[in-house]
Amino acid sequence: MSELIKHECGIATLRLLKPLSFYQKKYGSAFYGINKMYLMMEKQHNRGQDGAGLASVKLDVEPGNRYISRVRSNAAQPIQDIFAQINERINTQLELNPEILDDIDAQKKNLPYLGEVFLGHVRYGTFGKNSIENVHPFLRQNNWMHRNLIVAGNFNMTNVNELFQNLVELGQHPKEKADTVTVMEKIGHFLDSEVGKLYKKLKSEGYNKKEASPHIVEQLKVHKILRKSSKDWDGGYVIAGMLGHGDSFVLRDPNGIRPAYYYKDDEVVVVASERPVIQTAFNVAYEDVHELMPGEAIITKKDGSVHFKTILKPRERKACSFERIYFSRGSDAEIYKERKNLGRLLMPEVLKAIDYDTMNSVFSYIPNTAETSFYGMVEAAQDELNRQKNQAILKEKESLTDERLANILNLRLRTEKIAVKDVKLRTFITEDSSRDDLVAHVYDVTYGVVKPTDNLVVIDDSIVRGTTLKKSILKMLDRLSPKKIIIVSSAPQIRYPDCYGIDMAKLEDFVAFQAAVSLLKERGIYQETVDAVYDKCKNQSEFASQAEQNHVKAMYEPFTYEEVSDRIAQLLSDESISSEVKVIYQTVDKLHEACPKNLGDWYFTGDYPTQGGNKVVNKAFMNFYEGKNDRAY
Ligand SMILES: NC(=O)CC[C@H](N)C(=O)O
């Protein structure tokens, strides 16, 4: 993606099933767990750069000793920062107590983070500020070990304001308006009540408070707590947590919107947001890493037993297709193939746009994320070229000379690296006005390979706002004076906001929405259309969320897909651009063909898998209509 969109988060959990001494003997270090967490978080740095955090729990610690450690950072390089802090604290302790260097038990007692259960998180915020308090994991502390709760998640709830209000109505006073607090407090509430019930039962069986504790740990039914907590959640989520005594869990939403993968053997239980993260960190095969199913939780009890429980009845599977298009790392075997297919499937449209003139076309891509779909596109272009060669040979077969044949066979597809990314934009520019100014300089261009008679075909993975294209890339490409610039998007038109973990909350930000507005105005039906949509949104929002429909679809209804694409091309190219510009978007059908497992497509189609999604899109429209610069959740 050539522009900055905050999206996703990444989680990583690890449970060491053997004593620390085992890892020291086998792998040479009792810090095995911490090292693996570092790897898993680093391998997911693509999923969150606003902040990072890690928490660990030590099992069976004597009273008077700390058993939960947590570190969080919202510094510029947050993962590096937290591990530098961890390192620093461990090294200081080792320097102060050199006698514990070879004593694992003493190390566990004295060194922070050296536990058996870990929870890591990298954050791109979708709700609340980017303060350190909003960085996961969140901690709910208590003097009873089993009432301590640590939570982190990749999620966004559409009804977070209601959930927050519920807490306030309960008499609680959350310090921050953070969605993770609402999720954690829900789980915490039912954890407390579950513990209370168990204690009552144990008391009636004759146990006193102290004796009851270990039995509570044993009998605590985490799945019951999760079932009750998640009842009212409307959103996309993977919520991970640990309890102070050592139980841990990861729960995935019933539509499977957000991703979660796990691996387990007799040494470790691991969960992460992406499959190849686990493959590389633990050196295991693709087949050994499994997907957590929609509505399912993986629960690892303190005793090491692993349980899979259906927490919520699975609903229609709507795994986020953006994971495949852009978010997840392309090193996943399946995702790599899918991205190539995205490029390949666009080729018929591209060929039409260049009039099958592959010889006078240069093919390129926007670095770094569109590279894989580029390979797919090029393979398809190569097929076309081969077809043309065959045709020429057959046509000329009577008169063909050695030289002519060699000429035909030597025809090659012209693929070049045209756009060059100079600055890492996303790591340091957060505020809109300074971003605009810098955007123009983020891309540069390769001179000398494009002729004025050439078509220049450039693929990007998606076009959300189009700002970088407009302000930087198109202007740069135009300097090469090609006959025609064709911008190809491996994703369909983004028409509706996301509300399940990607920070795309405002309709008017989308270039597709701007195109619809512009077309409606041109046809003279703008005012009546927006008034009608607004009335419907307004009337519905007063009723129960059950009846909601996405009324914003009416904004696009009068136009064909291509009309919207053509208008986008116009909006992106101002009068300073002299080449002809065309924009080709993937169709939703072809997206599904390329990524058959991830059919979640609400940002393209407006078909939200949860009721709350319709509420959000209508609210986003009302904000747009009323001129409010608010987010819709
Ligand atoms: N991208 C995410 O998953 C964000 C998690 C959570 N909503 C936050 O803002 O912190």
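Where a number appears in this text, it was derived from the coordinates with a stated rule and is not lab data. Every value quoted in this text rests on a predicted model; they were computed, and no experiment measured them. Counting neighbours? That spans all protein chains shown, and the Cβs are built from the backbone with ideal geometry, glycine included.
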Legend entry - Measure of compaction for segment 250-328 (Cα Rg per 2.2 N^0.38 Å): 1.12
Inset, instruction - Anything over 29 Å Cα to Cα? Flag those among LYS200/LYS301; LYS337/LYS471; LYS264/LYS313; LYS18/LYS175; LYS209/LYS313; LYS109/LYS264, in the order listed. - result: LYS337/LYS471; LYS18/LYS175; LYS209/LYS313
Inset, instruction - Take segment 541-633, drop everything but the C-alpha atoms, weight them equally and run the Debye formula without solvent; then report log10 I(q)/I(0) at 0.17, 0.20 Å⁻¹ to two decimals. - result: -0.96, -1.11
Inset, instruction - Give the distance, in whole Å, between the Cα centre of segment 118-184 and the Cα centre of segment 238-252. - result: 14
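Determine the equivalent ellipsoid of segment 65-139 by diagonalising the alpha-carbon gyration tensor, then write out the semi-axes as square roots of 5 times the eigenvalues, largest first, rounded to whole Å.
Values: eigenvalues 163, 35, 15 Å².
Taking √(5λ) for each Cα gyration eigenvalue gives 29, 13, 9 Å.
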Inset, instruction - Tabulate in residue order the Karplus-calculated ³J(HN,Hα) for segment 264-274, using 6.51 cos²θ - 1.76 cosθ + 1.60 with θ = phi - 60°, rounded to whole Hz; enter x for Gly and Pro. - result: 8, 9, 7, 10, 9, 10, 10, 10, 8, 6, 9
Inset, instruction - Would you grab the residues whose amide H sits under 5 Å from the one on ASN156? Only those 5+ places off in sequence or on another chain, please, with H modelled 1.01 Å from N. - result: GLY236, GLY501
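How high is the relative contact order of the chain? Use alpha-carbon pairs under 8 Å, at least six apart in sequence, and give a whole percent. Don't skip to the answer; put the middle values down first.
Numbers: 1271 pairs, mean separation 88.1, N = 633.
RCO, the chain: 14 percent.
Pop the C-beta distance of GLU398 and LYS451 into the FRET formula with R0 = 30 Å and round what comes out to the nearest 0.05. Numbers along the way, then the final one.
On the way: r = 33 Å, r/R0 = 1.09.
Efficiency computed from Cβ-Cβ geometry: 0.35.
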Legend entry - Amide H within-cut-off set for TYR443, under 5 Å, with H built and near neighbours excluded: ASP422
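Summarise the long-distance tail of P(r) for the chain by giving the % of C-alpha pairs beyond 32 Å. List each step's numbers first, then the result.
Details: 106633 of 200028 pairs.
Result for the distance tail: 53 percent.
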Inset, instruction - Could you sort 484-492, 215-223, 625-633 so that the peptide with the highest average Cβ count within 10 Å comes first and the rest follow in order? - result: 484-492, 215-223, 625-633
Inset, instruction - Collect residues whose amide H, placed 1.01 Å from N in the peptide plane, falls under 5 Å from the amide H of TYR585; neighbours closer than 5 in sequence don't count. - result: SER489
Legend entry - Per-residue HN-Hα couplings for segment 573-589 [Karplus 6.51, -1.76, 1.60; θ = phi - 60°; Hz; x = Gly/Pro]: 10, 7, 5, 6, 8, 9, 6, 6, 10, 10, 10, 10, 9, 4, 8, 5, 4
Legend entry - Between segment 480-553 and segment 565-633, the alpha-carbon center distance in angstrom: 6
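What per residue convex hull volume, in Å³, do the alpha-carbon atoms of segment 485-568 yield? Intermediate results must be reported in sequence, preceding the final value.
Values: hull volume 9.6 nm³, N = 84.
Enclosed volume per residue, from the Cα hull, is 115 Å³.
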